[in-house]
Every structure is written in structure tokens, then in C-alpha cells.
Amino acid sequence: MALRCPSARAADVKETLHTWLNTFKDVNLSYLCKTITADNGLEFSEISDLENETLSIYFARPYSAWERGSNERHNGLLRRCIPKGVPIKAVSEETIQRTLQWCNNLPRKLLNYRTPLDVFLEEVNKIVDLDTVQFHIAIKKEYSLNKEQFFDLVQFRKNYENYYGIEVER
């Protein structure tokens, strides 16, 4: 998951996270998001206000990237398409969405060679019947995917499997 934030100001980061968390108001969020672990940057200084009985906020110790290993891995993947130092305002929405599609459909050893998208949908399906409800994930306020568009992104995974000859466990 990656969210476009208006700035790196703490208030904007908090509001962006709050808005995203509220997109799940119709489901029990505790099934999907139990913790958020941030580094100690000033941009995250206000997110502890979002903590409640079902959501815990943690801060990694300084210079302890291994405490956020999956996050660091995902950041590295994003940096393949969006180099460090490039202002996020300069990156088109299409580039961000294409990059997220690639990252979310890339099989991970940590997930037994399943994709983050598959694992996420499996967890969502435990809460909501994806075949009978209108399902969308708000990437930002102006951009969302309906269920059909979301599942179309899975085509990328199938192409990956065919190209590399890897059968991804479902």
C-alpha cells in the first residue's frame, strides 16, 4: 500500500492515513490493519493520534531498518521506478499506479511465493464476500478501483507466472 500525501508535514501524513483508514468504515478494520510501524521522521510525529483499541502504532528505533523489513523491501521496489530524490509531485498518477500494480503482483518468498494482492484479497474475503458486494480500495480521494478493475490487475501476475515459469500458490 502506498498513499500520495500532499506534503511531508506531520499533519498531512496523519490526515492521509486517517482518510485511508476511514475507507474501511464498513468493515472491521482490525481484521485488515492491526499495526502501523513508522520510522522516527518528523512526518510521522502525529500519527500516534490514530491509535485506538484495534490499531496500534509503533515507532522503530533509530537506525533499525530491520524492524520494518517488509516496508524497507517495498520501498526498494518502489525506488526502481521512482528514484529517491524525485519530488512525488513530479511523478504522474499513471506511473504510481503502474508501479504499485507491479509491486503488489510480484510474488514474495515471505508469502510462500504468493503476491501481496492475493494475500490481501484472501484476508478481505474473510470479512466481505467479494462476489456479492461492490468492493473498492481508495488509493486517494479522487482515485479508486472497483472490484472488476482490481481483479484485472491480477493479469500482471499471470503474465509473470507464464514468463518465469513459476506457479504461484493460491
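Under the classification rounded if a/c is under 1.5, otherwise prolate if a/b is larger than b/c and oblate if not, where does the range 1-120 fall, given a ≥ b ≥ c as square roots of the Cα gyration tensor eigenvalues?
Values: a/c = 1.33, a/b = 1.12, b/c = 1.19.
Rounded shape, in that the Cα axes give a/c under 1.5.
Placing R0 at 22 angstrom, the Cβ-Cβ distance between ALA2 and ARG61 gives a FRET efficiency of 0.40 after rounding to 0.05. Modelled this way, with points 7 Å down the Cα-to-C-beta line, the labels at GLU72 and THR23 are 2.8 nm from one another. For the range 1-110, the list of GluC sites (Glu not before Pro) that fall in a loop by DSSP and count at most 14 other C-beta atoms within 10 angstrom reads GLU51, GLU53. Note on LYS126/THR54: beta-carbon distance plugged into 1/(1 + (r/R0)^6) with R0 of 22 Å gives a FRET efficiency of 0.90.
All of the numbers you see were taken from the coordinates with simple rules; none came from a lab. Since this is a predicted model, take the numbers as computed values, not measurements. Cβ: placed from backbone, ideal geometry, glycine included. Neighbour counts: every protein chain shown.
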